[in-house]
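This report refers to the structure that appears directly beneath it.
The values are calculated or read from the model by the stated rules, or taken from the named source; none is laboratory data. As the structure is a prediction and not an experimental result, all values here were calculated from the model. Here the Cβ positions follow ideal geometry from the backbone for every residue, glycine too, while neighbour counts run over all protein chains shown.
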Ligand code: ADP
Ligand code: MG
């Protein structure tokens, strides 16, 4: 069993709260404390409106908390300006969303290559890497297609290729199978599992109970609070061994 505790944390959230302006203001997250270690594979579950997407956008640096602190790979995000945060995001985080968000006028290769715009690599190199990422997700035969020529499952594979092409340490997926049929959804999940097996830390929001149950750690949100955070890498298992296996 992998001992996550010995690896450096990818993410540390301390007393994170998020409030949106309004009359009255909406408090969406309350006092969220979380540590995510390198190589983890985590399901985030909870009712609609419980704050899952908001949490993912804070963790993904797309938005900032109202209070509390977030450390990403040792960087305190509070201490970074927007440009520094954007650079960190571009290099270290990959996103996959339910709605794919592919650019309609671009081919799959061009869509994936946009994931490398911030790297400073030449266009030729970006295209090479995009092709290689598309091969990794099983789309070598769809390089010149545009999004409207692809199935839902294929679109999500393109989105995953775009997310992974820059080799991010952290992949964040918000209901990536929400718009897919069961078979395409399974293909997408298998891909996420494979990326995790290669070392990428993966956090996936899902409504799929079976999927959540199959992942080693499950974080449940309710009304903007962490209602549970359970891990199969249970310290109790190690404890019983340390006690001479008596159980
Ligand atoms: P989930 O992903 O769990 O369904 P969200 O994080 O999308 O939940 O939303 C949680 C709550 O925050 C909802 O009540 C939603 O209406 C509210 N909310 C989300 N974004 C905003 C925003 N930009 N302004 C105001 N309220 C928001
Ligand atoms: Mg959501």
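Run down 35, 119, 66, 108 and say which single residue is more than 16 Å from ligand 2 (Cβ to nearest atom), within 30 Å of residue 145 (Cβ to Cβ), modelled with pLDDT of 95 or more and surrounded by 14 or more Cβ atoms within 10 Å (Cβ to Cβ). That would be 108, the only listed residue that is more than 16 Å from ligand 2 (Cβ to nearest atom), within 30 Å of residue 145 (Cβ to Cβ), modelled with pLDDT of 95 or more and surrounded by 14 or more Cβ atoms within 10 Å (Cβ to Cβ).
When restricted to residues that are touching a residue at least 40 places away in the same chain (Cβ under 8 Å) and either surrounded by fewer than 20 Cβ atoms within 10 Å (Cβ to Cβ) or outside any helix (DSSP H, G or I) (or both), the stretch 158-176 contains 11.
At pLDDT 95 or above, more than 16 Å from ligand 2 (Cβ to nearest atom) and surrounded by fewer than 15 Cβ atoms within 10 Å (Cβ to Cβ): does that describe residue 197? Yes, satisfied. Count, please, the residues in the stretch 111-131 that happen to be closer than 23 Å to residue 88 by Cβ and touching a helix residue (DSSP H, G or I) at 6+ places or on another chain (Cβ under 9 Å). The total comes to 14. Note on the stretch 190-205: residues that are more than 15 Å from residue 40 (Cβ to Cβ) and in contact with a strand residue (DSSP E or B) (Cβ under 8 Å, 6 or more places away or on another chain) total 0.
For the stretch 203-222, taking the residues that are modelled with pLDDT under 95 and either assigned to a loop (DSSP other than H, G, I, E, B) or farther than 16 Å from residue 193 by Cβ (or both), the one that is nearest to ligand 1 (Cβ to nearest atom) is identified as 207. Could we say that residue 225 is closer than 20 Å to residue 38 by Cα, at pLDDT 95 or above and within 16 Å of ligand 1 (Cβ to nearest atom) here? No. Among 41, 102, 29, 56, which is surrounded by 14 or more Cβ atoms within 10 Å (Cβ to Cβ), more than 16 Å from ligand 1 (Cβ to nearest atom) and within 20 Å of residue 9 (Cβ to Cβ)? It is 41. Taken over the stretch 160-185, the criterion of being within 16 Å of ligand 1 (Cβ to nearest atom) and touching a helix residue (DSSP H, G or I) at 6+ places or on another chain (Cβ under 8 Å) is satisfied by 172, 173, 174, 176, 177, 179.
Here residue 154 meets the list (1) exposed (fewer than 13 other Cβ atoms within 10 Å of the Cβ); (2) at pLDDT 95 or above almost entirely, failing just condition (1).
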